[in-house]
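Down below is the structure, laid out as structure tokens.
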Protein chains: 2
Amino acid sequence: MENLRNSVNKMSIKKNVFRPGAQAPRRTTLRQFAPLLVAMVGLPGRGKSLLTKRISRYMNYTGDNTRVYDISEYRRSHMKQYDSHEMFRADNLPAWRIRQQSFREALEDAAAWLQAPNNNVAILDGPNVSRSQRQEIYDLIYTQLGFRVMFIECVCEDPVLLERNFKEILQYSTDYRDMATEEALKDLTLKMTHYKAQYESPTLGSLWELPCPMVKILDGGEGGIIAHGVNGCRESKILAYISTPKNYQQTLYFSRHGESEFNVIGKIGGDAKLSPRGKMYAKALSKHIHALNLPNLQVWTSTLFRTKETAAGINVPQQHLHELDEIWSGECESLTYEELQEHFPKELALRDSEKLKYRYPQGESYVDVMNRLVPILTQLECETNVLTISHQAVLRCVLGYFLETPPDEIPYLHVPLHTIIKITLQGHSYNMETIKMPIECVDTNRAKPLNCSESRTSEDALLTLPKHYDSISNLMQCT
Amino acid sequence: MENLRNSVNKMSIKKNVFRPGAQAPRRTTLRQFAPLLVAMVGLPGRGKSLLTKRISRYMNYTGDNTRVYDISEYRRSHMKQYDSHEMFRADNLPAWRIRQQSFREALEDAAAWLQAPNNNVAILDGPNVSRSQRQEIYDLIYTQLGFRVMFIECVCEDPVLLERNFKEILQYSTDYRDMATEEALKDLTLKMTHYKAQYESPTLGSLWELPCPMVKILDGGEGGIIAHGVNGCRESKILAYISTPKNYQQTLYFSRHGESEFNVIGKIGGDAKLSPRGKMYAKALSKHIHALNLPNLQVWTSTLFRTKETAAGINVPQQHLHELDEIWSGECESLTYEELQEHFPKELALRDSEKLKYRYPQGESYVDVMNRLVPILTQLECETNVLTISHQAVLRCVLGYFLETPPDEIPYLHVPLHTIIKITLQGHSYNMETIKMPIECVDTNRAKPLNCSESRTSEDALLTLPKHYDSISNLMQCT
């Protein structure tokens with residue numbers, strides 16, 4: 001307990017709700033579209049943090065600037081190291097003060113962040129088990145700041161799910177990093193007992209204690225969802241997202257189509273067939289995937305010829321989805337970069353200077369592609385063992401979602417041809433592996449040129465363009 | 001009862017589930033993105049039909065082609081006229097056969113419609129009170145066709161809401177068109193009693209009878225929502241939409257900004273101030289609106305100068321929303337149509353030939369505007385007494401939503417300057433009134449030209465362009 005007491009002594013008790021430097025409250029009498037604080041409620045091991053992470057990933061990708069405030073991280077910042085479950089006992093006053101201070105700091109940081117322009121959603125991740133804590137959240141965020149508040153309670157009674165959550169905490173939590181598994185499990189169980197004693201579970205329906213939305217999610221969504229008082233576009237967007245139970249064990253595979261005839265000659269877009277090397281990749285991909293013997297494997301492709309041809313040899317249920325079609329380059333379809341520079345030099349310069357938002361004339365931008373992918377991505381989160389065969393720009397957006405790539409970097413993600421990409425859910429994040437198949441192909445990755453001005457020379461514009469067809473000798477090596 | 005028996009005799013009992021002309025079933029082993037049938041469940045007067053209509057309006061506007069199949073309309077087609085509540089008694093066999101046949105016909109028509117390409121959602125509106133009916137829906141749509149099924153049960157216990165729903169049925173239902181109010185109310189009450197006797201309410205949570213999503217909506221959403229087994233992007237989209245209780249008594253006001261300095265000289269886009277006549281309109285609008293004495297009136301405007309200037313004199317809470325900004329015409333901002341034709345003749349021709357989807361270079365299309373308006377529109381459905389001051393293209397999209405205008409017609413809706421538009425929810429639809437204020441202004445409505453080819457002459461391209469500034473004399477008349 002020594003380190004707990006020390007850190008409490010070191011802390012100065014703050015009188016003011018707002019820290020120096022926080023902006024003045026953004027007041028409004030109309031608050032339908034005001035920023036939103038989502039506060040999680042629930043015992044440890046009920047899936048709050050994974051859900052928090054997922055909501056945050058989804059909201060950020062779909063244009064609502066979102067940040068997570070994890071109360072346990074604040075608690076850790078006040079302690080040299082984690083002692084034991086004792087700190088969660090209701091009668092451990094010094095520890096209670098640390099926990100309460102951590103709760104307040106996280107809440108205040110979240111509130112301060114919501115006051116900055118263009119910030120939309122803050123998620124307060126923590127047990128928030130007492131009525132008084134929830135009242136404090138409401139008073140600050142709703143009454144004082146005029147923002148919006150929504151509570152999400154995670155309830156979990158399913159023993160299988162509980163065991164899985166416990167295992168995950170033991171494996172990934174910083175608290176148990178230096179503790180033997182058996183000891184850690186015992187400690188976690190006692191921590192849970194202490195929290196249960198302090199848990200004032202929100203009542204359901206019209207008896208819910210606060211005039212703001214309350215959503216109860218049972219067994220990670222598998223047991224259903226109960227919502228009361230939901231209003232506001234962000235709240236209903238979050239409700240829709242969490243109402244669909246996500247998969248906990250997730251391995252997803254991705255691949256671009258095999259090298260196409262257009263790739264070989266450096267043309268973009270179009271609906272070309274596979275090159276001879278692309279056909280070889282299709283065979284190799286099929287062989288590799290079949291050898292994995294994945295249960296209930298599915299293949300999703302775009303509706304374009306080159307992805308369907310790549311998938312043709314894989315003998316599992318398939319579906320072909322328009323949402324997975326390559327970015328539509330409108331009037332620039334089927335041109336090479338050299339032709340683009342010759343006929344549309346201004347367009348190419350505009351694209352290079354802001355590739356994420358740039359739209360081809362009568363075509364799409366990366367942002368457009370990101371938007372049309374949302375139903376596919378949320379569905380993929382409910383699946384495992386899906387092989388998605390799609391295109392360079394589309395897979396950049398897909399991987400950008402799972403790996404939480406900053407949007408501006410998405411159009412520059414490296415997604416080479418003839419490479420299988422495997423992502424696996426580990427803890428709250430996805431881990432990526434790539435498997436390069438030994439079949440030569442052209443490189444289609446054009447890095448951002450240094451000079452993006454409209455007045456640049458053709459040489460400058462094409463400086464980062466990879467060569468198209470390596471040489472016939474490469475092709476021969478692979479046969 | 002005579003007309004019931006006659007019509008049953010006239011009907012041929014169909015053996016096959018599918019009618020001649022229906023397409024072959026669209027089978028797929030992967031059905032994550034397959035078409036969806038939504039089946040309503042609930043006693044009469046529980047708000048099913050209004051909710052059905054709202055879901056259909058919302059889904060169609062947001063790109064999911066949706067159609068409603070109302071079982072009561074099928075029932076009416078088999079009867080010369082409505083007799084009485086007697087036809088809903090469980091022991092009235094001939095009437096039961098009509099009701100059952102009507103249920104089947106509606107279901108089969110919905111199933112046939114879902115099989116056509118590009119049709120996404122069919123809603124089967126009716127009580128569907130028995131387990132066997134729900135099983136039949138599931139067997140046909142899910143098992144036989146490989147499509148998706150979702151049930152939505154409307155439960156209503158709130159006496160105020162029930163009374164409102166009853167009044168609405170008496171006022172708008174075809175059945176009671178020719179019946180005196182007192183008699184109709186008595187009949188409706190008895191009809192309800194018969195249905196209650198036959199109601200096998202779906203059980204909650206994991207005891208729900210079918211392996212597909214079930215959503216229970218209490219008191220039109222005011223009492224909360226319980227969802228079980230929701231999956232799929234359309235299902236969660238519908239859940240999000242219905243989770244927010246909508247307003248039953250709705251009057252919404254809309255106006256474009258007053259005539260701007262850009263309107264006067266025929267320029268599009270920009271961020272101009274009001275013209276002298278525009279300022280007069282702002283005063284007249286403020287006077288008119290204040291005189292209405294609307295309780296809890298709010299004003300929503302765009303973030304552009306001309307709408308804020310128009311709203312400035314209205315002394316109620318206001319908010320300025322980017323979503324309400326005028327369509328962004330990118331490189332064509334601040335040009336006149338004459339300049340557009342001079343510098344971008346091809347763009348203008350492209351726009352004229354497909355105005356809904358056409359995007360200005362580095363700008364927006366009507367479809368883009370429709371999409372960014374979705375959060376505003378769903379919020380507006382929860383409000384009453386809101387005055388929205390926005391722009392021509394934006395208000396076309398907004399009115400297109402409420403009035404269910406076919407998307408292709410939205411860019412041609414007539415939304416003149418200096419006119420207050422009032423829409424009121426009546427029954428399941430919105431009724432529109434316009435109030436033209438007596439202050440002269442230019443006409444900014446350019447009809448679709450006959451010749452939309454890229455090779456047309458400038459004269460052809462500008463044929464439908466209204467003149468910009470009527471004349472100084474008009475201005476003087478209004479002062």
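The values are calculated or read from the model by the stated rules, or taken from the named source; none is laboratory data. What you are looking at is a predicted structure, and each value in this text was computed from that prediction instead of being measured. Please note: Cβ atoms are built from the backbone with ideal geometry, for glycine as well, and neighbour counts cover all protein chains shown. Just the protein is used for accessible areas: all its heavy atoms, side chains included, with ligands, DNA and RNA removed. Shrake-Rupley method; radii C 1.70, N 1.55, O 1.52, S 1.80 Å.
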Task: Residues located in segment A:138-158, provided they are of a type in the set (A, V, I, L, M) and surrounded by fewer than 23 Cβ atoms within 10 Å (Cβ to Cβ) - done: A:LEU140, A:VAL155
Open item on the list: Condition first: of a type in the set (D, E, K, R), exposed (fewer than 14 other Cβ atoms within 10 Å of the Cβ) and without any contact (Cβ under 8 Å) to a residue 40 or more places away in the chain. Now tell me which residues in segment A:400-451 satisfy that.
Closed with: A:GLU409, A:GLU433, A:LYS436
Open item on the list: Anything in segment A:166-194 that is part of a helix (DSSP H, G or I) and open to solvent by less than 60 Å² (accessible area, probe 1.4 Å)? List them, or say none.
Closed with: A:PHE166, A:GLU168, A:ILE169, A:LEU170, A:ASP175, A:TYR176, A:ALA184, A:ASP187, A:LEU188, A:LYS191, A:MET192, A:HIS194
TODO: Consider A:VAL41 carefully, then state whether it is over 23 Å from B:THR378 (Cα atoms), open to solvent by 40 Å² or more (accessible area, probe 1.4 Å), within 25 Å of the chain's Cα centre (by Cα) and of a type in the set (A, V, I, L, M).
DONE: no
Task: Where a residue in segment A:101-121 is touching a residue at least 24 places away in the same chain (Cβ under 8 Å) and its partner, wherever it lies, is open to solvent by less than 30 Å² (accessible area, probe 1.4 Å) and polar (S, T, N, Q), with Cβ under 6 Å and at least six apart - done: A:TRP113/A:ASN119; A:VAL121/A:THR66
- [ ] Can you give me the number of residues within segment A:373-391 that are open to solvent by 30 Å² or more (accessible area, probe 1.4 Å), in a helix (DSSP H, G or I) and more than 10 Å from chain B (Cβ to nearest Cβ)?
- [x] 0
Open item on the list: Can you confirm whether B:TYR358 is within 14 Å of chain A (Cβ to nearest Cβ) and either in a helix (DSSP H, G or I) or surrounded by 16 or more Cβ atoms within 10 Å (Cβ to Cβ) (or both)?
Closed with: yes
Task: Of all residues in segment B:242-252 being more than 7 Å from chain A (Cβ to nearest Cβ) and open to solvent by less than 10 Å² (accessible area, probe 1.4 Å), the one that is nearest to B:LEU37 (Cα to Cα) - done: B:ILE242
Open item on the list: If I filter segment A:305-326 for residues that are buried (at least 17 other Cβ atoms within 10 Å of the Cβ), away from every other protein chain (no Cβ under 14 Å) and of a type in the set (A, V, I, L, M), do I get at least one hit?
Closed with: no
Open item on the list: For segment A:50-109, give me each residue that is among the aliphatic types (A, V, I, L, M) and surrounded by fewer than 18 Cβ atoms within 10 Å (Cβ to Cβ).
Closed with: A:ALA90, A:LEU93
Task: A:ASN431 over 20 Å from A:THR301 (Cβ atoms) and outside any loop (DSSP other than H, G, I, E, B) - done: yes
Task: Qualifying position, being within 12 Å of chain B (Cβ to nearest Cβ), modelled with pLDDT under 95 and surrounded by fewer than 21 Cβ atoms within 10 Å (Cβ to Cβ), among A:GLU331, A:GLU338 - done: A:GLU331
TODO: Please enumerate the residues belonging to segment A:201-217 that are touching a helix residue (DSSP H, G or I) at 6+ places or on another chain (Cβ under 8 Å) and modelled with pLDDT of 90 or more.
DONE: A:LEU210, A:CYS212, A:PRO213, A:VAL215, A:ILE217
Open item on the list: If B:ARG134 satisfies all but one of (1) outside any strand (DSSP E or B); (2) touching a helix residue (DSSP H, G or I) at 6+ places or on another chain (Cβ under 8 Å); (3) at pLDDT 95 or above, what's the number of the condition it fails?
Closed with: (2)
TODO: Could you list, in sequence order, all residues of segment B:195-232 that are within 8 Å of chain A (Cβ to nearest Cβ), within 20 Å of B:THR52 (Cα to Cα) and surrounded by fewer than 20 Cβ atoms within 10 Å (Cβ to Cβ)?
DONE: B:ASN231
